[in-house]
Amino acid sequence: MILVLLADGFEEIEALFPLDLLRRAGLTVKTVGISGRFACGSHGVRVECDILPEEIEYEKIDMAILPGGMPGAANLDASPVTDKVINATLARGGHIGAICAAPTVLGRRGLLKGRRATCYPGFESELFGAARTGEAVVTDGNITTARGVGAAKEFAKELIRVLEGKDKVGEISAQIVE
């Protein structure tokens, strides 16, 4: 299961399109409102979340996605649920996806350093030890950062590759219809 933590102020433009692509690809995606059933994006867009924090089944998380516009990233960082989700996901051998400003805040705190994470779009200056490699950014050999809003489909395909394996990415991502 892919678990998405939505804190008030998340960047809905960056977050919701890749999540929609993952759902269209047939993957199980559950959204969690840290502060309740509804999360409000940075542009006032309200999203009804699938579950509440107390309903999270930590033992079923294969991937956690953390989107945040600038107050959303700070709200994610302040929530104890974030640490629990990150730790539970990585303890199961899972992967972290961070969107918009989430890599900035979580990177400063060291939460993504040396972790298995894919970030979108670029916030490489805020991640420790970042070095540019072509169009991507690699941090500690683990974090790759897609560049630009147009990379949403590539970000979704990368998460599919990580979750389902290289052999499945073409088959699954072919189901994504823009």
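Here region 1-117 has 51 percent of its accessible surface on carbon and sulfur atoms, given a 1.4 Å probe and all protein chains in place. In nm, give the distance between the simple-model label positions of Ser35 and Lys60, each being 7 Å from the Cα along the Cα-to-Cβ direction. Rounded to a tenth, the inter-label distance reads 2.7 nm. Under the criterion of Cα pairs below 8 Å and six or more residues apart, the relative contact order for region 1-99 equals 36 percent.
Within region 30-107, the percentage of alpha carbon pairs spaced more than 15 angstrom apart rounds to 55%.
The values are calculated or read from the model by the stated rules, or taken from the named source; none is laboratory data. Treat the numbers as computed from the prediction; the structure is a model and nothing was measured. Ideal geometry is used to build each Cβ from the backbone, glycine not excepted, and the neighbour counts take in all protein chains shown. Side chains are part of the model used for accessible areas, which takes the heavy atoms of the whole protein and leaves out ligands, DNA and RNA. Shrake-Rupley method; radii C 1.70, N 1.55, O 1.52, S 1.80 Å.
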